[in-house]
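*Asks:* Let me begin by handing over the structure; questions about it come next.
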Amino acid sequence: MIRVLLIEDDRDLAETLLQLMELAQMLPDHVSNGIAGLTLARSNSYDVLVIDVGLPKLDGYSVCKQLRASGIDTPILFLTAFSSIDNKLEGFASGGDDYLAKPFDNRELIARITALSGRKSSHVKRLEIAGLIMNCEQQQVSYQGQKLELTPACYTLLEVLMRASPEIVSRQSLENKLWGDEPPSSNVLKAHIYYLRRALTQVQLAEMLYTSTGRGWALRPSNTR
């Protein structure tokens with residue numbers, strides 16, 4: 001089931017949306033201000049965050065910016081009464097993934113939440129798993145202050161695996177990310193995986209690169225296997 005955090009200060013609207021999500025077999029939580037929403041989003045695991053822009057205590061854009069700065073890549077859908085292109089651009093610039101103007105069709109809201117639930121946001125510029133840190137803006141990876149030397153292909157593979165962690169990423173998905181619709185022979189991807197594992201070995205993290213025979217690869221700290 002899809003876990004959703006709704007941050008909405010209009011109590012009547014929130015009650016309606018909570019009932020709607022429950023009917024759609026979702027598991028929603030609700031808070032009515034930005035500070036409480038920020039705290040809950042940081043301390044729990046959700047599939048989608050639905051955030052009203054005009055929140056008390058901390059507005060929706062600020063909530064989003066702080067979550068992204070914390071490395072939280074949960075997809076964010078903004079709800080707002082403002083529908084101008086400038087408002088939408090501000091929402092996307094703050095780290096949002098989708099934008100729905102009020103009033104909206106309930107079916108569209110559920111459809112957008114469902115679509116967002118299957119992915120992670122690409123707005124996060126700093127990824128961290130078990131001390132392994134990726135700075136996406138500088139395209140650098142380090143562990144306990146030691147920089148990893150990665151080829152462009154290995155960097156791309158590691159970013160995909162970190163964003164998906166701890167889920168398994170299929171061979172086809174990795175090949176599409178590297179080469180689009182025309183991947184080379186299967187041995188080429190295996191070679192890049194080998195070089196990535198060797199780079200992780202230099203910082204004693206080789207075991208994080210998990211191979212699922214016939215399914216693909218995942219990046220998993222030892223305590224999540």
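*Asks:* Consider Y210 carefully, then state whether it is of a type in the set (F, W, Y) and in contact with a helix residue (DSSP H, G or I) (Cβ under 6 Å, 6 or more places away or on another chain).
*Replies:* no
*Asks:* Now a separate question. Taking the residues in the stretch 187-225 that are crowded, with 17+ Cβ neighbours inside 10 Å and in a loop (DSSP other than H, G, I, E, B) as candidates, determine which candidate is nearest to the chain's Cα centre (by Cα).
*Replies:* Of everything passing the filter in the stretch 187-225, R220 is nearest to the chain's Cα centre (by Cα).
*Asks:* Moving on to the next point. Among the residues in the stretch 77-86, are any among the charged types (D, E, K, R) and touching a residue at least 12 places away in the same chain (Cβ under 8 Å)?
*Replies:* No; the residues of the stretch 77-86 include none that is among the charged types (D, E, K, R) and touching a residue at least 12 places away in the same chain (Cβ under 8 Å).
*Asks:* Filter the stretch 162-186 for residues that are touching a residue at least 40 places away in the same chain (Cβ under 8 Å) and over 18 Å from G118 (Cβ atoms) and give the result.
*Replies:* Passing the criteria: only R171.
*Asks:* Looking only at the stretch 6-30, filter to residues that are touching a strand residue (DSSP E or B) at 6+ places or on another chain (Cβ under 7 Å) and free of Cβ contacts under 8 Å to residues at least 40 places away in the same chain; which one of those is surrounded by the most Cβ atoms within 10 Å (Cβ to Cβ)?
*Replies:* Ranking the candidates gives P28 first.
*Asks:* For the stretch 139-152, give me each residue that is in contact with a Leu (Cβ under 6 Å, 6 or more places away or on another chain) and either without any contact (Cβ under 8 Å) to a residue 60 or more places away in the chain or under 23 Å from T74 (Cβ atoms) (or both).
*Replies:* Residues of the stretch 139-152 that are in contact with a Leu (Cβ under 6 Å, 6 or more places away or on another chain), as a first pass: 141, 143.
V141, the sole residue that qualifies.
Read the figures in this text as sums done on the coordinates, not as results from a lab. This one's a predicted model, so the numbers in the text were calculated from it and none came from an experiment. Glycine also receives a Cβ, built like all others from the backbone with ideal geometry; neighbour counts cover every protein chain displayed.
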